[in-house]
Structure formats: C-alpha cells, structure tokens
Amino acid sequence: MHDAIDNLYATFAHCRIGDDFTGCDCCVGPEHSAKLAAPPLRELTYQDLERYSRKAISTWGNVRHFKHFLPRLLELSIEHRDDFLDLAVVFGKLKYAQFDSWPQRERDAVNRFFDEYWQYQLDDPIVGAFEESIDTVLCSLANALSSVQGFLDAWIAKRTDNAQRHLAAFILNNEDTLLKKGRLTNSFWDTTGQPHIEVVNWLQSDAVYRFFDGPDDPVLVEDFAYAWPQLMAIRSALAANQT
C-alpha cells in the first residue's frame, strides 16, 4: 500500500498547482485556494481537503489542479473512508475528469492504488453483519471506473473468512432493493452503468454461490447466517426478472 501511494505522488509530481487555482466566486474565496496551495501536499489534512473534494473541477480548479491533489485525496481515503460526505463523490471526480483519457502512466498509478486499496478493504476486519464498508468502497470504485469486474474476481479469489463475511454483509445491505427492485441499495450506483450490471450478474453467478459452504458455513455465524438464504432469494428474484 505504501509503495502504491508513493508511486501516486511520483507520478503526479509534474502537476503543479500554479497561480491559476481559483474557484467559483460565489462559494470559494481566494483565501480558500491560498490555504490549499501553500502547504506541502503531504501535509494537507482531511479537514483541509474535504470541501475541495466535493467541489473539485466542477466549481473549484481544473483537472490539472485535481491531479495535483489526487495522491493526497486517495491517501486520506484510507483513514477517512467514512468521514467524507460520500466517498463515491470523491472517487467519482475521476470519471468527471475523464480518467479514461489520461496518459497510461497516470491511469496505471491510480489503478494500482485501487487494486491495493481493495485488498486492504477485503482484509479490514468486519465485526457487524450490516457493516457498510465494503459496499461503500465498491460503489465508490464504480463511480470512478468503467468496470469493477476485476475487483469482483479478486474478491472471489481471496478465500478468507473476512472476505466471506464482507460478502455476507454486502448481501444483507442490498437484499431489500435487490429483491424488490433488482438494483443495489446505494443511491450513488448508476443502475444503467456497466459496473452495476456486472455486480448484479456476479451475485447470480456460480462463483458467488460456491464462495460459501452452504447454510452450515462456519464463517456465517450469528447475523451473518442470514446472508445464505437471502442470497438464494436474490438469485431467484433476479433470474425471474430476466425471464
């Protein structure tokens, strides 16, 4: 993870802040821009950048400025995943900045970070069956990228108890809207977009079905145990909607 972060800083070091870092006059004053431009990038805190993360490019600065701050924003997303107004907004700025058209070296650096970040989240201990951490991160990645299939494949490949519990929590957090509407719960999902389609199809796959060891899976204890019957119900409901 540290190497991926250092690589981000090295890759985007050429994106200088410059003297044209300004925002919309009605909501961003020169003092706000000056406060972000003055300190070394790695010294900026979550409190410094949270407001900018919501306004970046749309009403504050341009894509070059966003690239300048991107390494620190992504680094802060590790510790402050749940503190941003919504992580999907922060990551979604990449799509807004036409990330797919960036130079290959820049895209590789961001994708490397996302791969490491995903593994970090899968390893992050989960306590409650209705914890939303993995749901938040997957939806946020979907707002940044044109596909999340690689992350889904990596999830299944990581056959750990913690990865199974994260999947159980993901199922339980999305069961109601999947059963009733055939969509994922988080309002930041673009239900017509490729990532949403990939996740819904994935939940119906044999790979997900085999990820658990049935209703007696020793990992699915207490509230986590409800994920198995709900997965069966979701598979049936989604299949019925497609016929």
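The values are calculated or read from the model by the stated rules, or taken from the named source; none is laboratory data. As the structure is a prediction and not an experimental result, all values here were calculated from the model. Positions of Cβ are generated from backbone atoms using ideal geometry, with glycine treated the same way; all protein chains shown enter the neighbour counts. The protein model used for the area step is the full one, side chains on, heavy atoms only, and it has no ligands, DNA or RNA in it. Shrake-Rupley method; radii C 1.70, N 1.55, O 1.52, S 1.80 Å.
The table below lists the values:
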item	result
The stretch 127-242 - percent of accessible surface contributed by carbon and sulfur, probe 1.4 Å	50
Order by protection proxy (mean Cβ within 10 Å, highest first), peptides 200-206, 140-146	140-146, 200-206
Square roots of 5 times each gyration tensor eigenvalue, C-alpha, the stretch 102-185, largest first, Å	24, 16, 10
Nearest 10 degrees, 0 to 90: helix 87-96 Cα axis against the chain principal axis	70
Peptides ranked, highest mean first, by Cβ atoms within 10 Å: ranges 26-32, 129-135	129-135, 26-32
Where the chain is the region considered: accessible area per residue in Å², 1.4 Å probe	47
Candidate lysines - alpha carbon under 25 Å from Lys95, same-chain residues fewer than 8 apart omitted	Lys55, Lys67
MRE, 222 nm, helices only [DSSP H, n ≥ 4, -39500 (n - 2.57), over the chain, to nearest 500]	-19000 deg cm²/dmol
Linear extension gain, Ser236 paired with Ile197, 0.36 nm per residue minus alpha-carbon span	12.4 nm
Rounded to 10°, Cα long-axis angle of helix 194-203 versus longest principal axis of the chain	30
